[in-house]
1. Out of all the residues in segment 165-178, which are in contact with a helix residue (DSSP H, G or I) (Cβ under 9 Å, 6 or more places away or on another chain) and either closer than 24 Å to residue 201 by Cα or part of a helix (DSSP H, G or I) (or both)?
2. For residue 165, which of the numbered conditions (1) at pLDDT below 75; (2) closer than 29 Å to residue 218 by Cβ fails to hold?
3. Over 33 Å from the mean Cα position of the chain (by Cα), at pLDDT 65 or above and surrounded by 10 or more Cβ atoms within 10 Å (Cβ to Cβ): does that describe residue 112?
4. Determine which member of the set 242, 262 is at pLDDT 90 or above and either surrounded by 12 or more Cβ atoms within 10 Å (Cβ to Cβ) or assigned by TED's automatic domain parsing to the domain that holds residue 184 (or both).
5. List every residue pair whose Cβ atoms lie under 6 Å apart, where the two residues are 6 or more positions apart in sequence or sit on different chains, the first residue falls within segment 309-334 and is at positive phi, and the second residue, located anywhere, is assigned to a strand (DSSP E or B).
6. Please go through segment 122-145 and pick out each residue that is surrounded by fewer than 14 Cβ atoms within 10 Å (Cβ to Cβ) and modelled with pLDDT of 70 or more.
7. Restricting to segment 217-251, count the residues that are assigned to a helix (DSSP H, G or I) and either at positive phi or within 37 Å of the chain's Cα centre (by Cα) (or both).
8. Looking only at segment 188-238, which residues are free of Cβ contacts under 8 Å to residues at least 24 places away in the same chain and either under 29 Å from residue 334 (Cα atoms) or surrounded by 13 or more Cβ atoms within 10 Å (Cβ to Cβ) (or both)?
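The values are calculated or read from the model by the stated rules, or taken from the named source; none is laboratory data. Here the structure is a predicted model, which means the values were calculated and not measured. Glycine gets a Cβ as well: all are built from the backbone with ideal geometry, and neighbour counts include every protein chain shown.
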């Protein structure tokens with residue numbers, strides 16, 4: 001298996017620390033060369049287990065083979081120590097007093113190899129978790145991109161319908177609508193590529209969108225847009241609030257030719273953005289269209305992905321009035 005530079009440094013530090021504990025003897029400070037050689041055999045065995053047996057058998061759920069080969073490795077280390085190394089470093093000595101046999105050797109070998117192999121297993125587990133988190137992030141970003149791609153066609157579809165109506169009537173407002181629409185589309189296509197945008201920029205585009213949408217109402221009602229206590233330096237996911245405003249304009253006009261009322265408020269308390277949008281409407285029997293409901297369903301999914309446990313959305317209908325209340329905990333922009 002390949003090994004990264006970061007992992008190599010980690011393993012070297014681990015080997016040094018474990019060796020210091022292994023060789024420490026308060027009655028005989030310092031270390032002996034036989035300890036280095038013996039420990040090297042343990043480290044080699046741990047490397048075989050960690051870098052060959054684990055990925056080839058344990059991680060592939062071949063548990064029986066894994067433990068069988070581990071047992072063979074342990075037997076090999078014990079035989080190497082008993083039959084070779086001890087004869088080299090302790091030739092002619094009565095070794096039974098110092099090394100009381102194979103079982104004592106096993107209990108000396110096993111903890112060291114277990115610690116070294118265990119840290120390798122832990123390292124692999126951490127790397128695997130990082131890969132899973134990276135994969136989740138990639139999937140989430142792909143889903144967000146997909147949801148965002150739905151917003152532009154949905155928004156464009158509604159406004160092109162309005163533009164078409166004005167063009168048929170030969171309205172002098174048609175050029176103004178085209179200009180406002182092009183500005184909003186420029187923002188959506190080029191400035192909303194980032195996951196978050198400055199709150200001030202998003203509010204500015206809300207003003208532009210409301211100005212464009214008010215042309216549809218003309219003298220048939222009132223639109224009030226109020227902002228207060230909006231500090232600088234905060235960021236928000238783009239095209240979140242605009243969906244609720246678009247929905248208010250769309251449903252206020254269904255079956256209603258006059259007395260349209262749309263109230264929009266945006267404010268901040270601490271780091272929490274409070275948004276409220278309400279509109280009146282008259283019940284009308286209309287056939288569902290394919291684009292019906294895309295906006296609200298879309299924005300609810302985006303809120304769950306972008307602000308998990310950091311937002312509260314309430315949508316209510318009462319006495320022919322549709323109200324959306326949204327609170328979002330915002331983060332500050334990073335300054336260079």
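1. 165, 166, 167, 174, 176, 177, 178
2. (1)
3. yes
4. Result: 262 is the single residue among 242, 262 that is at pLDDT 90 or above and either surrounded by 12 or more Cβ atoms within 10 Å (Cβ to Cβ) or assigned by TED's automatic domain parsing to the domain that holds residue 184 (or both).
5. As it stands, the answer is 320/280, since those pairs meet every condition given.
6. Within segment 122-145, 122, 125, 126, 127, 128, 129, 130, 131, 132, 133, 134 qualify.
7. 11
8. Within segment 188-238, 190, 193, 201, 204, 207, 214 meet the criteria.
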